[in-house]
Amino acid sequence: MSEWSPKRFWTDATVEAVPRGHAVRLDGRSVRTPLKTELVVPSAALAEGIASEWRAQKERIDPLSMPLTRAANATLDKVVPQRAEVVTGLSEYGGSDLLCYRAPGPGSLTARQAAAWDPLLAWAATEFGARLVLTEGVVPVSQPDATLDALRRRVAALSDWELTALSEFVSLSGSLVIGLAAMDRQDVEGLWAASRIDEDWQAEQWGLDAEEAERIAARRAAFLQAAVYLGLLNDV
């Protein structure tokens, strides 16, 4: 049974405890991912959140209104079978982390970067032993092997389900450090704002058209939704 059937075909969605975790059922039948894996998640809270998305569907199914279901699908169909590649891809962000690339000026921008980014880099150095090297502009900078190894170990220590959240945080922010801080349940709104310092400063100077504002709003919503998913995942 494919969960992306265009029309609603069930009456109710329920959660059932199973040996591997918590399964979502549609009128007693298993929900399955696009690759036909049974949708079983680690926490009851996450399973209930997914079931709520299915209950909320109208006559026609709207996948975009089901972010928790899509996150579970991504974990089971992409992260689980490709874990090594996912860990490597996310770890590589540490070699070109957004927080290391500082503007040469003006002072109003560099001060904002330092105020938001320096504490995050200090946290990474203390928490993981990952001391990142700064540069100006777009000049490439090589990070110490010890730093990259420390970041990779931190990424590799996450579960498959947690990697799904980290992937969202990192891809939307452009920063592995910000992503790991979000995994640490730091201020997610503040972390999103930290990832937007350069763009927001530019928008203050030159303005922002409606289309770009809509794109930014959608990315912000996805970043915050990843935190919702993470919270439910950890609510065992």
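Values in this text are rule-based calculations from the coordinates and carry no lab data. Not measured: the values here are computed from a predicted model. Don't worry about glycine lacking a Cβ; one is built from the backbone with ideal geometry, like all the others, and counts go over all protein chains shown.
Within region 51-98, restricting attention to residues that are under 16 Å from the mean Cα position of the chain (by Cα) and acidic (D, E), which residue is surrounded by the fewest Cβ atoms within 10 Å (Cβ to Cβ)?
Selected residue: E92.
When you scan region 5-39, how many residues do you find that are among the small types (G, A, S) and touching a Phe, Trp or Tyr at 6+ places or on another chain (Cβ under 8 Å)?
Final tally of qualifying residues: 1.
Pairs please, first residue from region 140-151 and under 19 Å from T126 (Cβ atoms), second anywhere and among the polar types (S, T, N, Q) and not in a helix (DSSP H, G or I), Cβ atoms under 9 Å, 6+ apart in sequence or on different chains.
L151/Q143
Can you name every one of the helices (runs of 4 or more DSSP H) wholly within region 120-236 that holds 3 or more residues which are surrounded by 15 or more Cβ atoms within 10 Å (Cβ to Cβ) and of a type in the set (G, A, S)?
Hits in region 120-236: 160-173, 176-183, 210-234.
Have a look at E168, E162, E136 and point out the one that is among the acidic types (D, E) and under 19 Å from A114 (Cα atoms).
Going through E168, E162, E136 in turn, the sole match is E136.
Kindly indicate which of A193, A226 is in contact (Cβ under 8 Å) with a residue 60 or more places away in the chain and in contact with an Asp or Glu (Cβ under 7 Å, 6 or more places away or on another chain).
A226
State all residues of region 122-132 that are within 19 Å of S173 (Cα to Cα) and more than 19 Å from the chain's Cα centre (by Cα); if no residue qualifies, say none.
A122, W123, A130, L132
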